[in-house]
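Where a number appears in this text, it was derived from the coordinates with a stated rule and is not lab data. Everything numeric in this text was worked out from a predicted model, so none of it was measured. As a convention, Cβ positions derive from the backbone with ideal geometry for all residues, glycine included, and neighbour counts pool all protein chains shown.
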């Protein structure tokens, strides 16, 4: 447990920041799931639209260093391959 006022404040700030980061990470997971669901349903135009929306979400979260930039790039690449691999 924190023994000084400064340590107590840092603990509060860390707790608040962790909650915010978890919220953003959840948003990321939801965006990825939406694309995968659209691909599974087989509607290519809908999948492309959802994919474009998720790209900005993924990039935004990577810019905030919630996830590593290479993880974001890998995720986008795999989602893109899934969308492109769909039957037209």
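Pairs of Cα atoms nearer than 8 Å and 6+ residues apart set the relative contact order; for the chain it is 30 percent. Between 53, 11, 19, the Gaussian network model of the chain with springs among Cα atoms under 10 angstrom shows the greatest mean-square fluctuation at 11.
Mind sorting 75, 4 by how few other Cβ atoms lie within 10 Å of their own Cβ, fewest first? Walk me through the intermediate numbers first.
Numbers: 75 20, 4 8.
With the fewest neighbours first, 75, 4 line up as 4, 75.
Taking other C-beta atoms within 10 Å as the exposure proxy, 86, 1, 22 rank 1, 22, 86 from fewest upward.
In degrees, nearest 10, range 0 to 90: what is the angle between the Cα axis of helix 5-41 and the longest Cα principal axis of the chain? Approximately 10 degrees, to the nearest 10.
GNM remark for the chain: springs join alpha carbons under 10 Å apart, and the peak mean-square fluctuation among 12, 78, 25 falls on 12.
Quick one: 67, 58, fewest Cβ neighbours within 10 Å first, how do they rank? Write out the running numbers ahead of the final one.
Details: 67 17, 58 21.
By the 10 Å Cβ count, ascending, the order reads 67, 58.
Label zone of residue 82 (point 7 Å out along Cα→Cβ, amide N under 12 Å): in segment 10-49 this covers 29-42, 47-48. Calculate how steeply helix 69-84 sits against the longest principal axis of the alpha-carbon atoms of the chain, using the helix alpha-carbon long axis, and give the answer as 0 to 90 degrees to the nearest 10. With both axes taken from Cα atoms, the answer is about 20 degrees. Once the chain from residue 9 to residue 37 is taken as fully extended at 0.36 nm per residue, the excess over their C-alpha distance is 5.9 nm. Please check which bits of segment 8-25 a label hung off residue 2 would reach, taking the label as a point 7 Å along Cα-to-C-beta and the cut-off as backbone N under 14 Å. Backbone N within reach: 8-18.
Axis of helix 44-63 versus longest Cα principal axis of the chain: the two differ by about 20°, to the nearest ten degrees.
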